[in-house]
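*Asks:* Got a structure here, written out as structure tokens. Questions coming.
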Ligand code: PMP
């Protein structure tokens, strides 16, 4: 069967092996005589799936014991609100580093909850870069936390070195690069990610939360918006997205077969290099949006010398079987999202297509 070259930004490609395993188990999961979707979320089988997912996450990301692992709903977007509701104290300020549209959206929600400050921003250069450490100047005493977006899905930039904070809680939206490389979880007080890029299907949001933070949560929050509710019930306060969590657990098993995060990271470098090499060889033709040192390995953004040529490129790429290469509707241009599950062959094929297309003009 021919699988399409799927460069969608999210929901995005899932590993074929995962889809095949899910297909095999679809009607009769583990001899239960029913599909995972038909299992009770209180059943031993589903609890097994949930625990397995948590254990594999802990193992892959080396998550310390003093962190909770939660599976929530509402997308990464609901976290934009829950974070300030839970952690922004009335007499304090929440700090935000703006590196793109998603960090702007996170800030917008925090502003509704309390005092905020933009600690650094790269909006003046159209979000082509990530701020350098010396550009992040912290008013140490008053910050409740500092929020960053680790990978900017729309602009195609990524933090390659996280800010050193010296005692301030760092919270990161890792929706578009979680599990793409090894990270030191202990540097963060909270990490969150919508699942639909590197983790599984949409509908599940992963939250990794340092236990200490739970003591700061005010009473009187709506039950579902209080992290303590989900910690106390191990993400089973209400009916969770059971099928999504099952798919996520299969993706984690798959990551382990790829040499864990080291293997995945190496492959991601290789894949992105194929496409960036085309851009670097002819930067006046394939014009990168991101500055070199801030480039994302996940979302590769560029334009061609004119809008007509960009459209021509996109339309021919579509005809050649490439899906999802249009840039985000807010900025246009081209974007290739090469998440974990996008195979090397898809990136090789795209690099080849870029070369052939360029040779017609240069
Ligand atoms: N943050 C980032 C970095 C994203 O890329 C996205 C969605 N693509 C979101 C947040 C919003 O996620 P959701 O749709 O799960 O609310």
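Read-outs: derived from the displayed coordinates by stated rules, not from any lab. Given the structure is predicted, the values throughout are model-derived calculations rather than measurements. Neighbour counts are summed over all protein chains in view; Cβ atoms, including those assigned to glycine, are modelled from backbone coordinates with ideal geometry.
*Asks:* Collect the residues in the range 85-109 that are over 18 Å from the mean Cα position of the chain (by Cα) and either more than 14 Å from the ligand (Cβ to nearest atom) or surrounded by fewer than 17 Cβ atoms within 10 Å (Cβ to Cβ) (or both), keeping them in residue-number order.
*Replies:* Selection gives 85, 86, 87, 88, 89, 90, 91, 92, 93, 94, 95, 108.
*Asks:* Same structure, new question: Conditions first: (1) more than 17 Å from residue 191 (Cα to Cα); (2) free of Cβ contacts under 8 Å to residues at least 60 places away in the same chain. Residue 55 passes all but one, so which condition is the exception?
*Replies:* All conditions are met except number (1).
*Asks:* Quick one: which residue in 130, 148 is touching a residue at least 60 places away in the same chain (Cβ under 8 Å), crowded, with 17+ Cβ neighbours inside 10 Å and within 16 Å of the ligand (Cβ to nearest atom)?
*Replies:* The conditions single out 130.
*Asks:* With the structure loaded, tell me whether residue 210 is surrounded by fewer than 24 Cβ atoms within 10 Å (Cβ to Cβ) and either touching a helix residue (DSSP H, G or I) at 6+ places or on another chain (Cβ under 8 Å) or under 22 Å from residue 135 (Cα atoms) (or both) or whether it fails that test.
*Replies:* For residue 210, the condition - surrounded by fewer than 24 Cβ atoms within 10 Å (Cβ to Cβ) and either touching a helix residue (DSSP H, G or I) at 6+ places or on another chain (Cβ under 8 Å) or under 22 Å from residue 135 (Cα atoms) (or both) - is not met.
*Asks:* In the range 9-41, which residues are surrounded by 19 or more Cβ atoms within 10 Å (Cβ to Cβ) and in a loop (DSSP other than H, G, I, E, B)?
*Replies:* Across the range 9-41, the qualifying residues are 9, 10, 12, 13, 14, 15, 39.
*Asks:* When you check residue 70 against the structure, is it within 16 Å of the ligand (Cβ to nearest atom), within 24 Å of residue 183 (Cα to Cα), free of Cβ contacts under 8 Å to residues at least 40 places away in the same chain and within 23 Å of the chain's Cα centre (by Cα), yes or no?
*Replies:* It is false that residue 70 is within 16 Å of the ligand (Cβ to nearest atom), within 24 Å of residue 183 (Cα to Cα), free of Cβ contacts under 8 Å to residues at least 40 places away in the same chain and within 23 Å of the chain's Cα centre (by Cα).
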